[in-house]
1. Tell me, please, whether a residue that is surrounded by 10 or more Cβ atoms within 10 Å (Cβ to Cβ), in a helix (DSSP H, G or I) and either at pLDDT 80 or above or touching a strand residue (DSSP E or B) at 6+ places or on another chain (Cβ under 7 Å) (or both) can be found in the stretch 315-331.
2. Within the stretch 230-244, work out how many residues are over 23 Å from Phe218 (Cα atoms), buried (at least 18 other Cβ atoms within 10 Å of the Cβ) and free of Cβ contacts under 8 Å to residues at least 60 places away in the same chain.
3. I'd like to verify a number: residues in the stretch 145-160 that are in contact with a Leu (Cβ under 9 Å, 6 or more places away or on another chain), surrounded by 18 or more Cβ atoms within 10 Å (Cβ to Cβ) and assigned to a helix (DSSP H, G or I), how many?
4. Tell me which of these Phe189 doesn't satisfy, since it passes every other one: (1) free of Cβ contacts under 8 Å to residues at least 12 places away in the same chain; (2) touching a helix residue (DSSP H, G or I) at 6+ places or on another chain (Cβ under 8 Å).
5. Can you tell me how many residues within the stretch 252-273 are in contact (Cβ under 8 Å) with a residue 24 or more places away in the chain, assigned to a loop (DSSP other than H, G, I, E, B) and surrounded by fewer than 18 Cβ atoms within 10 Å (Cβ to Cβ)?
6. What number goes with the only condition from (1) within 26 Å of Asp186 (Cβ to Cβ); (2) without any contact (Cβ under 8 Å) to a residue 12 or more places away in the chain; (3) part of a helix (DSSP H, G or I) that His289 does not pass?
7. Return yes when Phe78 is modelled with pLDDT of 90 or more and on the phi > 0 side of the Ramachandran plot and no when it is not.
8. Does Ser276 satisfy being assigned to a helix (DSSP H, G or I), among the hydroxyl-bearing types (Ser, Thr, Tyr) and surrounded by 17 or more Cβ atoms within 10 Å (Cβ to Cβ)?
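The values are calculated or read from the model by the stated rules, or taken from the named source; none is laboratory data. Everything numeric here is computed off the predicted structure, so don't read it as measured data. Heads up, the Cβs are rebuilt from the backbone with ideal geometry, glycines too, and the neighbour counts pull from every protein chain shown.
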Amino acid sequence: MPPFAVTPKSSAYFSALTQEIDKKLHKAIGSPNQRRDLLQALFADVALEVDDRARDIILGREDAASNSSIEVKVPMCFYDVLAGYFSLEPENGKPILTLIVQLWSQPFASHIFALLFHKWLFEVQLDSADVLLRYSSALVQGATNVFWIDIQTNTTHFQSVFTYLLMDVALVPDKLKKIPLQTQRDLFFLLSRFIFLYNQVDKLETFLKNFPEFPNAFLVGGPADIFVIELSDQLQKLKVEPVLLHYLSHIKALQGLELRMTTSTRLKTCLYSFTSPGGPMYPTRAVRHAAWDALDFLFPVGRYPRHIISLFFRLMYPWYWPSSCWNFVLSCIQAIFFSILGLIFPKLRKPHQS
């Protein structure tokens, strides 16, 4: 449930927001040539962070400025409070939902639907199976789109949507069963691809236990195999270096999972593709080292032969020799420097070795 109660003043504020969204959707419907730009602008408005004055109205603290000035504020966006409001007052969101349905095929329509109605969908009772399938599929598609925006911008602006879908839907069987089985599977595919991005690795064990049944499980394996397959595919698509490094830093959490040989080989091949310069991945030096660390940690058997084979292939790229030699020299100088420093100041040796 949302972290606020609907008071007369906050209700009036939500009504004004709803009317403004309604007006912009009507304008988009009536302006085919400008529809994409109008929906993009509306999406940006919905994703904005709530300012201090609006926050006080929403939380019912408009007369407590002295207390709010010393409070540690958690970031709150308009889509957060509107999604909570529509889940509390489902009827108030129906006019907007009707307009979004008319714009289903337009860019950013699924984005807006996912942000505003990801809670509403699990709080209302829909009698039509076709409508439920349409809404739940749009939710998964829209959530995928907004999560990719976080990847491309190296942010976690939409983390609250992911957290709700994981903690309040995927890990709650009664909520999960409200959507069709096929959409349940699609939702778990989605969460598998982004669980590292939003730092929910500690929920991995519980997440795997709640996986729905898959008809092709006898071919691809159990929940752990499906999760690793989706994660491997996601890694291959990542192009933003900080995000890729973030994923590689968390991938050690896979240690101990029981995987089929084909799944294990798939993950190993994926990581190995990031260890060599050049195509098809063209990884940076930081990514190559992070991939080697993850590969050696998860697959210690065959570690040294892999490095020897990698060195052999590196010799096939002579234009990388100068940079490799330079980095090798720098690493040697750094190691010698800290060794000497450790001999002179023994107390400093331990922190560098930790």
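1. No: zero hits.
2. As a first pass, look at the stretch 230-244 and keep what is over 23 Å from Phe218 (Cα atoms): 235-244.
Imposing the further condition that a residue be buried (at least 18 other Cβ atoms within 10 Å of the Cβ) reduces the set to 235, 238, 243-244.
From what's left, free of Cβ contacts under 8 Å to residues at least 60 places away in the same chain: 235, 244.
Selection size over the stretch 230-244: 2.
3. In the first step, residues of the stretch 145-160 are kept if they are in contact with a Leu (Cβ under 9 Å, 6 or more places away or on another chain); the result is 146-147, 150-151, 156, 158-159.
Keeping just the survivors that are surrounded by 18 or more Cβ atoms within 10 Å (Cβ to Cβ) gives 146-147, 150-151, 158.
Right, trim to assigned to a helix (DSSP H, G or I) and you get 146-147, 150-151.
So the count comes out to 4.
4. Going through the list (1) free of Cβ contacts under 8 Å to residues at least 12 places away in the same chain; (2) touching a helix residue (DSSP H, G or I) at 6+ places or on another chain (Cβ under 8 Å), Phe189 breaks only (1).
5. Residues meeting the conditions: 4.
6. Of the numbered conditions (1) within 26 Å of Asp186 (Cβ to Cβ); (2) without any contact (Cβ under 8 Å) to a residue 12 or more places away in the chain; (3) part of a helix (DSSP H, G or I), the odd one out for His289 is (1).
7. Values: modelled with pLDDT of 90 or more: yes; on the phi > 0 side of the Ramachandran plot: no.
Answer is no for this residue.
8. Details: assigned to a helix (DSSP H, G or I): no; among the hydroxyl-bearing types (Ser, Thr, Tyr): yes; surrounded by 17 or more Cβ atoms within 10 Å (Cβ to Cβ): yes.
Against the criterion (assigned to a helix (DSSP H, G or I), among the hydroxyl-bearing types (Ser, Thr, Tyr) and surrounded by 17 or more Cβ atoms within 10 Å (Cβ to Cβ)), Ser276 does not qualify.
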